[in-house]
Structures are given as C-alpha cells and as structure tokens.
1. For residue 177 paired with residue 356, estimate the spin-label separation in nm (one decimal), with each label point 7 Å from Cα along the Cα-to-Cβ line.
2. When you count, for each residue, the other Cβ atoms within 10 Å and take the mean per peptide, how do 281-289, 334-342, 220-228 rank with the highest first?
3. Please work out the average accessible area per residue across segment 455-564, using the 1.4 Å probe convention, and give it in Å².
4. With only alpha-carbon atoms counted, please give the Rg and Dmax of segment 178-336, in Å.
5. How much of the accessible area of the chain, in percent, comes from carbon and sulfur atoms when a 1.4 Å probe is used?
6. Counting only heavy atoms of the protein chains, get the accessible area per residue of segment 288-343 (1.4 Å probe) and round it to a whole Å² value.
7. Given the pairs 624/694; 207/525; 635/762; 207/635, which are separated by over 26 angstrom at their Cα positions?
8. Contour minus end-to-end for residue 591 and residue 503, with contour as 0.36 nm per residue of separation and end-to-end as the Cα-Cα distance?
Amino acid sequence: MPIFFNEKTKVFTINTQNTTYAMMIEPYHLLTHLYYGERIDESADLTYLTNAGSVGRPAIYPDVTYDEFEGGAGKFCPHARLLEYSGFGVGDFRTTSLQGRFSDGSQTTDLRYHSHKIIDSKPSLEGIPAVYANENEKAQTLVITLKDKVCELYAELSYSIIEGHDEIMRSVRIVNKTGAPFMIDCALSMSLDIPRKDFDVITFYGKPNNERYVDRSPIRHGKTSCESTAGLTNHFSNNSIILCETSATEESGDCYGATLVYSGNYSVSCELDHVGRVRMALGISPTGFCWKLEDGEAFVTPEAIMSYSNKGLGGLSRGFHNLIRYNVCRGKYKDARRPVLINNWEATVFDFNEDKLVEIAKEAKDFGVEMLVMDDGWFGHRNWDNNSLGDWFELKDKLPNGIPGLCKRINELGMKLGVWFEPEMISEDSELYRKHPDWCIKTPGRDPFRGRWELVLDLTRQEIRDCIYNQMAKILSESPVAYIKWDANRYITDAYSLSLSADSQGEFFHRYVLGLYDLMERICKNFPDVLFENCASGGGRYDAGMMYYSPQIWCSDNTDPAHRMKIQYGSSLIYPVSTMGSHVAYSPNINTFHPASVLTRGITAMAGTFGFELDPSLEDEKSKKEMLIMTDLYKKHYFTINHGDYYRIASPYEQANAMSRISAWQFVSKDKESALFNMVQMDNVNDGADAIFKLKGLDKNKNYKLHMYYDERNDKIKPFTPWLEQKELGVFSGDVLMKAGLHLNLFRGDNMSALIELEAVK
Ligand code: DGJ
C-alpha cells in the first residue's frame, strides 16, 4: 500500500515510486511533519524526526503539563514543530495556513488531529480543476481531518498520489459546523515545512512580452513570496515555486517544487525562519479574500501539486511535465497530434477579410500548414480594439458569408478553421453593453478602470455566463470550428458583484474564477472536438488550472526567438512543451526588429506547439522552402517532442563562454529510439573553439545516427543570409554522446542554429 498508517507509531506514510512523505500524530493530537525526500524503506521508523527542541519558546501549548514544560525544553512549543497545516493565534508565528473570524469576532484556530481515511481513488474537486487519474491508473488519497480544539471547525487535508507519478496533490476542505458563520480570511492549499536551509529559491517574474523569466536566488531569512491580486494569474509572476539545494544542477541535487492548479489570485511563498527551517506555502492570495462560510457549508481550496526530486531541476521538471500533460490536460488533443496552424494576427492585425484569410491559408498550405486561426477583429463592428467585445456575431464587411462561409472555403482547401474569442470582456461601445450596462465589473459610485478600453463581465452571474455561452455555442454549432483561441486582455479591477451581499464581496475574485471554469467546462463538454488555446495578452494566465481546459496556452506575444528562448526555458521548469503556444513569425521580428533564420525560428516554435504567425505572401521562395522543411520535421518528431522527455542542456540566461550565449535543449522518445538536439547561438562571436554539449537521457548501449540541419553562409549565393544546410555527422554511441559530448564548431552569426536528429541504429 503506497499510503499507510502505523497505529503503533501514529505515523502516516505516503510512498511514491521515488519519494516518501511522512507525518505523525504527536501528543496533544498535533499533526506534525516528519520527512519529505528520497524513498525510504517502509519498515523504517521515522519518529525520531519529530524535531523536538527549543526555538526560544515563544509559546507553549496550553495542554502541556508542568513536567513536560520543565523537562521538555519547549518540546510542545508550536513554533518549534514542523506542522502540516498551521492555525492562527496558537503559538506558531510562521506563515499561517488557516485564519478566519468566528461570529464573536475571535480568530484563534487551534487545529488538532481528529480522524482520517484512506481511499483508493483520486477524487475530483467540485467546480475547480484538479489532477485526475486515467482509467487504467491506480490512485490513493489520504484525508486527514483536523478539528479546532474547542469548536466544530474542521480542515480536511487531502494528499493524493497516482501510480507512476512522484507528485503529491494537496487540497483542503474547510467545514463549518460551529452553528454560526465563519469568515475565512486565509485558507491555503498546502504548507510544507522542511528542516534545512541550504536552498536557492526559484520563482518567476516577467511582464507582457517577457513572461516567466527565472529568478534563482539564495534563500534569505524572512519570506520570499509572489502574489497575484489581478484576478488572473498575471504576467508578473507565476503560481509555482521551487526550492533547490544550493548546489543543485539540472541533473543532481534535492529539489522541492509546487504549483497551483488555479487561475486566480494566488500567493506562493517560502519563509526561512530564525532557526533555519523553511516553510513553503501555496494557496489563494489572502489579499482581498474573505469567504463567508455559513454553518453546514464547506469551502474547498484549489489543488496544489507538490513534488520532490533528487535528480535536480531536470528530474523535477520531467515529473511535472508527465503529470500535467497526462493528468491535468484533457480532451482529444491530449494524445492526438494537433494541427499545425497559421494565425493571422501578426500578418494583418484588424485589416483582413474572407478573401485575405483564404489567401493566407492557401499559401500556408504549401508549407504544410493544416489550420487557419482567425484572430481578433471578425465580430461586431471591430476594426480596432476599442469596441464590440461581447457582440459575438460576424462583421459582414469582413465576413460577408459569415463564419460558415469562411469555414467552408478553408475546409475545401483540406484545412481546419480556428476562431479567436475574448469571452470574459465587454466593450462600452457594444450592443451588449448598451443593453446591459450593469453586467460589467465595477464598484458602485466609482468609474471603473479600463484596460485596453475593455471592462470585464461579471462571470459570477449565471445569466451573464449563459449569454456568452449561447453566443459562442451558436458559432460553434453553425460550422465545424476546430479550435478556439480564448484571449483575455486585461486584469480585474474594481472588484464587486451586484449578485453578492455586502459581507460576501470578499468572495468575488474566487467566485469569478469559479464562474470562468463553469463556462469553460460547459464549452469543453458540449464541443469535445474543439482544441482550446488559452491566451491573456500573451502568457498572462499560464497555469495548470487553465491547462485543464486548454492543453496549450499562448506563451507570449513576443515571437522573437532570442526572447522566446528565455520565456520557454523558464516555463519548462514546471510546464511541458506541449502546453507552450509558439509560432514562427517574421524576420526581422515585429516586436524587437531582430532578424533570425527560419531554422532558429522553427526550432524555437518546435519547443512548443509549432505554428506560424505571418503573411506567407511576404515570404520569399527560399524561406517558404525552409518553412516546409521545418513543418515536416515537426510532424515527423511530434511524438518525441510532445510525449518524450525534455532536457535542458544550456541555459539562455547564462553566458556559455566569454563571447557567446547558447541555448540548447533536447527531446528523447520514451523508448530512447530517437532524440532531437537543438541549439541556438544567441550572441556570437566565433572564437574558434568547439562548443561541447553532453547529451542526456539516451540509452548508453544504443548507437545513434546523427543528421544535422544547420545555418550556414553560402558564399556562392547572394545575399549572404543564413542558408539551411544539412549533413550527416556519423554514428555515435549513447555513452559517448553523454560523456564526451557532441562537439560543434560555433557559427558565425547571432541567432544561428542547429537541429540534430538522432535515430538509434542496429
Ligand atoms: C493578445 C494576444 O496575445 C494576441 O495574440 C492577439 O490575439 C491579440 N490579443 C488580439 O487582440
């Protein structure tokens, strides 16, 4: 049994294939943490890890007897314990897990072990996305119920595991049976105490066009936290956090990571205390949050996915990747190959019509594209971004035959059609707003903030969700639209809902997210063949919650490979490449004016969902030929890329040597029969030395045939732009490639690349 309880020692043990997590019911019914790390033999007695000791005795449990007090040197001081879920006002002064107010205004929550059960499944969470077990996968869940010492307030802590995965899924259900309302001000999804401090903390930072940059810094005393109060996950940080041993590399060292399956306001933090222990905590941000839990009601927190790996950051990431792509993402396109698409946004912005779109599709078909995605500007009277959101019917000037007419012509080309929506927003200049000015989010008596001229619909309200659903369902029913790009181009301000009472307004942000999930679930359920791509001004809502509905998310509006490399590298610490919307765009890039070869743009897009974002009629024959090569390569290696293992080889954030910066990564199929190595020399000067890349994850006993695609200057052909060349590199053993490495002579220019196919040969 992977999860078991030892009646004698009162220890709960959760074993995954490579990890062990242990907790203990201590005297006075405290649920304390014992161990999280490498798998330990089931027979081991871990009770000695109770971490007794003084931390300056800030407070002693009131139940402690005189003898224990005198002889125990603070043994039952809550602040001295490693706690699983910490109450408020009871002597633990680190990050609180549960804090709220009872009807008399008191805030003390003293949580003690009450009961537990072990069930053989991974339950879903009502109304919130959560990790699920597939039909053939065994799963177990331990639910430990804590109860307040003096009243009937309960916290049910869930720990779930799924066979074949090392991650542990955690969520908490707060149940109020006190006979009166309990106002929850903070209810975290998880708290993890680790009794060591030799850590670096990894969090993510960014902005629109540069999302999820990696920040790795030594942990410092006090709290390091990232928070969103924007209603969405946002561009500025991410709801994931990693603690890694200071010496941890991609392949070695202890790493603890966690991410939330949630798309709203969050807080992720770690706190190093004065005696060198760390508390990692994740959950809904307490800022602006207050949930009125009536007597008899329950509140379920979003789920956190927690993981440990002693195989470095790479090991940790690959675990998250497997779980997210197979146990979070759903639908037909979780497994099936997704069509290669072309999106018209960078090609036309708002300036398009049916003929132009068909022309783009027709030309893109020549380089292997299978779907056209019509972006913003097809509805209401939208020729710019200041109007029409909420009016999801066709603008006849652009689409005289509506979406059915366009879809028919695209389908006749043997291609599919995708359509852009921004379902959560409303423009003041729209029919919907004129009819329902009270449907947007605003605080009474205040003029609401606009973001890109937009206001946000109050999705806490069923009638508003119904209206948007009905409009979208009509479009999806009238023609076989195969894909939806679900955009959201502003954050939430002026939070307030006319549907909530004054003392429930603190529920607004979470209820908004629940409303959004409800709308998405309804569309996913009724249109199961549609592929969803999420988007929020690029990658402003990149989280595992969204991935439950859309297996891919547009990573960023920045399509320049030099920047994308960093964005996608950062994202890959937690999220699989199958979730990263990534396209080949113009060179020079429209955001940064950097030029880049087709190969550089192609392999960057291939470290994601691969597609195009340009007008093919502006490309020359050479580029189109190279684009076809890239599309064919992507299709050929689709399963290795999307269902294989991903290895980071060289970081785009680091200087490779005095003169160049290189980004390199590798995919290996699960059976290790094929692999793809990719590298981009980001800033160059050819210093004459070979760049050496030790490959990873290959079978050391297999021989691999290497075929390289690379950028080279062909002096016979003018202009001297990079030409996509190919050559055989020979046969090498996996052992040699992983130990002596691949030796490549650096190229001449910036942004020049190589892609190497590795096929096992007998
Ligand atoms: C923001 C997205 O990130 C872009 O790709 C594009 O869809 C625009 N919105 C359209 O308004």
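The values are calculated or read from the model by the stated rules, or taken from the named source; none is laboratory data. Keep in mind it's a predicted model, so treat the numbers as computed, not measured. All Cβ positions, glycine included, derive from the backbone under ideal geometry; neighbour counts span all protein chains shown. All accessible areas refer to the heavy atoms of the entire protein, side chains included, with ligands and DNA or RNA removed. Shrake-Rupley method; radii C 1.70, N 1.55, O 1.52, S 1.80 Å.
1. With each label point 7 Å from Cα toward Cβ, the separation is 6.4 nm.
2. On the way: 281-289: 22.1, 334-342: 19.1, 220-228: 16.0.
Peptide ranking by packing, descending: 281-289, 334-342, 220-228.
3. Working: 2910 Å² over 110 residues.
Here the per-residue accessible area is 26 Å².
4. 17.0, 53
5. Details: 13950 of 27410 Å².
On the chain, the fraction of accessible area on carbon and sulfur atoms equals 51 percent.
6. Numbers: 1440 Å² over 56 residues.
Result: 26 Å² per residue.
7. On the way: 624/694 33 Å; 207/525 33 Å; 635/762 24 Å; 207/635 32 Å.
Result: 624/694; 207/525; 207/635 exceed 26 Å.
8. Working: separation 88, 0.36 × 88 = 31.68 nm, distance 4.56 nm.
Difference between extended and current length: 27.1 nm.
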